[in-house]
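K.L.:
Submitted below is the structure of interest, expressed as structure tokens.
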Amino acid sequence: MTGAALPRRPGLRERLARRGLDGTTLLVLPAALAILALFVFPFIEGLVLSFLPKQGGPLANYAKFFGDPYLWKTIPTTLGIAIPATLANIALSVPVALRVRRMKRQRLLTTILVIPITLGTVLVAEGLLNYLGPQGWLNRTLMALHLIDRPVRLVHNYWGVLWSLVIAGFPFTFLLTLSYVSGIDPNLERAAATLGAGPRARFRTVLLPLMASGLAITFCLSFVQAFAVYPSAVLVGAPAGSTRVISIAAFQAAYETYDDSLASSIAMIMAAIQLVIVVLVLAGRSLFYRGPAGGGKG
Amino acid sequence: MTQSRTSILDRIWILAVWTFVGFFILNLAAIVGAVAVNSVATRWLGTWLPKAYTWHWYADAWSEFQLGNILTVTFEVVGAVVLLSGLLGVPAAYALSRRDFPGKKAVMLLFLLPLLVPPMTIGIPLATVLYRLGLGGTIWGVILANLVPSLPFVILITIPFIDQIDQRVEQAARVFGANTLRLFTHVLVPLLTPGILAALLLVLVRTIAMFELTFLTSGPTSQTLVVALYYAVSAAGVRAGQSVDAMAMIYMVTTLVWLVIALRFVNPTQIVGRQAAARD
Amino acid sequence: MAIHSKDFRTLRLDGVQRDFGAFNALKGISLTIARGEFVALLGPSGCGKSTALNCVAGLLPLTGGTISLDDTRIDTLSPEDRGFGMVFQNYALFPHMSVARNVGFGLAMRNEPRAQIAEKVAEALRLVRLEGQADKLPGQLSGGQQQRVAIARAIVVAPPLVMMDEPLSNLDAKLRLEMRAEIRRIHAHLGSATIYVTHDQDEALSLADRIVVMRQGEVRQVGTPEDLYTRPATVDVAEFMGFRNMLPATMAGAGSGTRARVTVDGAACEGTPVGPLAPGAVTLAIRPEDLRPQDDGPLAARVDQVEYRGRAFFGIATTPGGTALHFRAPSRVAPGTALRFGADPDRILIYGGAA
Ligand SMILES: Nc1ncnc2c1ncn2[C@@H]1O[C@H](COP(=O)(O)OP(=O)(O)OP(=O)(O)O)[C@@H](O)[C@H]1O
Ligand SMILES: [Mg+2]
């Protein structure tokens, strides 16, 4: 501290730099502050606000949500749409990705499939209203084929929302799955083949274990998207009935009854449910191999 | 693998997979096609195709929905979001790629979370805070809200690009006397241009289509195209369906033009996210 | 129909062709390999070695020709039904399985009882000297260890034929020499046939019973290491086998015994013809280590540079005609010195045609 004869203690700057904290590191600050202010802070605010209901004790909002079937039933409704949609998307993506991986010219297909993701759910919903409507091309085709004799109702119900989640969700799931599957060294499968493993055995012993962890993450990301479904639930679903999902309840609380506190509680409940599902899936993932899917050095 | 001899079962399986893909693409085309056809139909009821065609719904939609204003707002919002997320995100990505500091894991998690939480969940508390600050319903509110997913996205996409740049190039520049700012402008930005361009184009495409956050934070004067489209579709019956579809087409073209540009620089899989970054 | 029998006499490739679009990667390869033989496929990068190996393994379908084991055609069988062992260039170990499960994979696919698998795996790991590593994941092993796991995995099923695709190319020089010896030892122990792909002639010479030299999708020469080293059949093969001096010359007539006389750079010398020679232009092939300064040597040249390589000096000299000579010298020679060079006529090979 004092004596000039003592070996000089490195300055603060030097000590920080040794731990990796220097001017360059500070470049991360503006972005981190922005996310803290725009994401973490509102989230905490929302959490606090959810315990400050318009009337009643701190837990009144949560009590209200879980006491009112009109509100809590949105949870099973949402899960009833999101889980089948996510599982269907994954079940369809895996075989397609396993085929497409062998193609040299994947670009055209991936480009076509990225279009619905880019256009977003609102446009897909509007397209579905036209296409699946009573006078739409699909009903016409089915009638022309004499499969039905009167238009079937395909939108403004549960199935409308499910279709829209598959149309927008399958490409998303597929592209993620493809990126995982492409990471698996094709030589591993060849090696398994020379050792006597047939196609099914190769899938079971090599591909599936190496894909499992990627599929878990794909499931989480796809599920989170489907769980928060809003525009299609309103536009092609039955927003007052079979597709009254939890986002609709949250939106109504915020913008129709202007109960910010209740709306925040619902948002927190949504976050909690997503968190639970994600944690469950990722915990399952730890049962599988998670390292790189390459076959060796080089 | 078994090229030498494909069994019948294998063939049926392969056929089934491709049939599904074909069926999916056919439906996709029909969905987009139905919107396109309706937008140029005079009247389309009870037939395969309309009886006559017209362009006038486009003019109608333009004036009815005040698309001029909406497009201006859309591009102001998108431009600001792209600029801000680039300015904040690229330096942060640089620091995260080059330095190992205590708490780096936590910072990475901080940038990952906004991508994992769906916009509807964060949008409601964020809108509450923005309204309390007087930013709700303004264009600034919309821009700030859109930064929540865009900024982390830029960071996570740019990190692998920076990882690829040999650190010795930078050390050489330092040896020849470049300070941090010059290092950025003379060495890194030129080397990183493809990566930054890719990240920003992706943010651009995603921001045009970002519905939930804009929907929750925008007001009458700060609607973007996708939100205006939502209102038009949900108020169907008030206006002619063709005019709504004309607007949908304008939205579609606006988005797809940028998508086509973006796809010149990036791989389609990157639009859904950079997995290497999100993996662990 | 899986072939698990260890007893076969010959593996025969008959006019095997493989095209990639318009490109012929293999232009009709014919080759017979006997049981217990160690055959090296040698050739420059891109000549089709891996393609040939993959065709034998069943990983690539043929576009022409047949492959048969004794009298059974096997080229239509899928790889899992051939029962061969293969060591991949990058090992292709299953990253999610322990060493023991990797090695036992082939046995498990053959539905062998667990106890028997455990026993055979332990035996195979002992053979490649990896006892005690059984429970590690491949990612936790060094390159040389991974390599040995790959070998163990291929041989544990006692395949009639083991194929190895440049298995040593990723290893450092010392490990490479050690592994060479191990591979030879394992081959002897198993008594199966081995096809070994490499582009390193030292490796091929030291390991193989027979060497198959390939170039541009064709077999150029098949022979014992001694044959190839001393008597390459064509100029191409000679060049690949280290004959760096290719000198244009003209036939001058018969020499003593089987030798021929030629004129090179205006001087007369004798050499050993390879194949029939016609009058006119010929090419002399001489290894640098055989070309030495000699007072009465036929070739005059001026030394350009000399470098020390351990036991001897090697250098380059230029003849008045402008031809570069790679030579060996017992002691240092100063650049600029004018010298005469010559070689033992047995070590000068004469090929028909211009170089
Ligand atoms: N899938 C393919 N499509 C087109 N051409 C190919 C394909 N695989 C190999 N080739 C071509 O076939 C030729 C032979 O390739 P191969 O892999 O057998 O070479 P190699 O002798 O093993 O070379 P190396 O020593 O570099 O491994 C090369 O010219 C290569 O470009
Ligand atoms: Mg090869």
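K.L.:
Out of all the residues in region C:5-44, which are within 16 Å of ligand 2 (Cβ to nearest atom) and of a type in the set (Phe, Trp, Tyr)?
P.N.:
If the condition is that a residue be within 16 Å of ligand 2 (Cβ to nearest atom) and of a type in the set (Phe, Trp, Tyr), then C:Phe20, C:Phe23 are the ones that fit.
K.L.:
Would you point out which residue out of A:Ile112, A:Ile117 is within 11 Å of chain B (Cβ to nearest Cβ) and touching a Phe, Trp or Tyr at 6+ places or on another chain (Cβ under 6 Å)?
P.N.:
A:Ile117
K.L.:
Take region C:58-81 and flag every residue that is within 14 Å of chain A (Cβ to nearest Cβ), away from ligand 2 (no atom under 16 Å from the Cβ) and of a type outside the set (S, T, N, Q).
P.N.:
Within region C:58-81, C:Gly58, C:Pro61, C:Ile74, C:Leu77, C:Pro79, C:Glu80, C:Asp81 meet the criteria.
K.L.:
C:Phe94 fails exactly one of the following numbered conditions: (1) more than 16 Å from ligand 2 (Cβ to nearest atom); (2) not in a loop (DSSP other than H, G, I, E, B). What is the number of that condition?
P.N.:
Just one mismatch for C:Phe94, condition (2).
K.L.:
Here's something else I'd like to know. Do any helices (runs of 4 or more DSSP H) entirely within region A:116-224 hold 2 or more residues that are closer than 24 Å to A:Lys104 by Cβ, and if so, which? Walk me through how you get there before you give the answer.
P.N.:
Numbers: elements: A:137-144, A:158-182, A:186-194, A:199-202.
In region A:116-224, A:158-182, A:186-194, A:199-202 are the helices (runs of 4 or more DSSP H) which contain 2 or more residues that are closer than 24 Å to A:Lys104 by Cβ.
K.L.:
Here are the criteria: (1) of a type in the set (S, T, N, Q); (2) touching a residue at least 24 places away in the same chain (Cβ under 8 Å); (3) in contact with a Ser or Thr (Cβ under 8 Å, 6 or more places away or on another chain). Tell me which single one C:Thr66 does not satisfy.
P.N.:
(3)
Rundown of residues vs (1) within 19 Å of C:Met241 (Cβ to Cβ); (2) within 16 Å of ligand 2 (Cβ to nearest atom); (3) out of contact with any Pro (no Cβ under 8 Å at 6 or more places or on another chain); (4) modelled with pLDDT under 90, yes/no style:
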| residue | (1), (2), (3), (4) |
| --- | --- |
| C:Pro160 | no, no, yes, yes |
| C:Arg176 | no, no, yes, yes |
| C:Glu182 | no, no, yes, yes |
| C:Leu190 | no, no, yes, yes |
| C:Thr194 | no, no, yes, no |
| C:Thr198 | yes, yes, yes, no |
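K.L.:
Select from region A:186-201 the residues that are within 7 Å of another protein chain (Cβ to nearest Cβ) and among the charged types (D, E, K, R) and list them in ascending order.
P.N.:
Those that are within 7 Å of another protein chain (Cβ to nearest Cβ) and among the charged types (D, E, K, R): A:Glu189, A:Arg190.
K.L.:
Take B:Ala61 and decide whether it is part of a helix (DSSP H, G or I) and over 30 Å from B:Phe111 (Cα atoms). Even if it seems obvious, please write down each step before you answer.
P.N.:
Numbers: part of a helix (DSSP H, G or I): yes; over 30 Å from B:Phe111 (Cα atoms): yes.
It is true that B:Ala61 is part of a helix (DSSP H, G or I) and over 30 Å from B:Phe111 (Cα atoms).
K.L.:
Does region B:104-141 hold any residues that are facing chain A (nearest Cβ under 7 Å) and among the aromatic types (Phe, Trp, Tyr), and which are they?
P.N.:
The one that is facing chain A (nearest Cβ under 7 Å) and among the aromatic types (Phe, Trp, Tyr): B:Phe111.
K.L.:
Pick from B:Leu259, B:Leu200: which is crowded, with 22+ Cβ neighbours inside 10 Å and away from chain A (no Cβ under 11 Å)?
P.N.:
Exactly one residue qualifies, and that residue is B:Leu200.
K.L.:
For region C:26-44, give me each residue that is among the basic types (Lys, Arg) and either free of Cβ contacts under 8 Å to residues at least 40 places away in the same chain or within 16 Å of ligand 1 (Cβ to nearest atom) (or both). I'd like the intermediate steps shown before the answer.
P.N.:
Filtering region C:26-44 for residues among the basic types (Lys, Arg) gives C:27, C:35.
C:Lys27 - this is the single residue of region C:26-44 that is among the basic types (Lys, Arg) and either free of Cβ contacts under 8 Å to residues at least 40 places away in the same chain or within 16 Å of ligand 1 (Cβ to nearest atom) (or both).
K.L.:
Identify all residues within region C:155-170 that are within 12 Å of another protein chain (Cβ to nearest Cβ) and more than 16 Å from ligand 1 (Cβ to nearest atom); write none if there are none.
P.N.:
Selection gives C:Ile155, C:Val156, C:Val157, C:Pro159, C:Leu161, C:Val162.
K.L.:
Which numbered condition in (1) within 14 Å of chain A (Cβ to nearest Cβ); (2) closer than 23 Å to A:Asp22 by Cβ; (3) touching a residue at least 24 places away in the same chain (Cβ under 8 Å) is the only one that B:Leu191 fails?
P.N.:
Going through (1) within 14 Å of chain A (Cβ to nearest Cβ); (2) closer than 23 Å to A:Asp22 by Cβ; (3) touching a residue at least 24 places away in the same chain (Cβ under 8 Å) one by one, B:Leu191 breaks only (1).
K.L.:
Within the bounds of region B:93-103, is there any residue that is at pLDDT below 80 and more than 7 Å from chain A (Cβ to nearest Cβ)? If you could, list the steps in order and put the result at the bottom.
P.N.:
The initial filter retains those residues of region B:93-103 that are at pLDDT below 80, namely none.
No, region B:93-103 contains no residue that is at pLDDT below 80 and more than 7 Å from chain A (Cβ to nearest Cβ).
K.L.:
A further question on this structure: Considering C:Cys47, C:Cys55, which residue is in contact (Cβ under 8 Å) with a residue 12 or more places away in the chain, buried (at least 16 other Cβ atoms within 10 Å of the Cβ), assigned to a loop (DSSP other than H, G, I, E, B) and within 16 Å of ligand 2 (Cβ to nearest atom)?
P.N.:
On the way: C:Cys55 fails: assigned to a loop (DSSP other than H, G, I, E, B).
Unique residue meeting the criteria: C:Cys47.
K.L.:
Going by the conditions given, is C:Asp202 over 26 Å from C:Glu123 (Cβ atoms), within 12 Å of another protein chain (Cβ to nearest Cβ) and away from ligand 2 (no atom under 16 Å from the Cβ)?
P.N.:
No: the conditions fail for C:Asp202.
The values are calculated or read from the model by the stated rules, or taken from the named source; none is laboratory data. For clarity, every value in this text was computed on a predicted model and none was experimentally measured. Quick reminder, even Gly has a Cβ in these numbers, built from the backbone with ideal geometry, and neighbours come from all protein chains shown.
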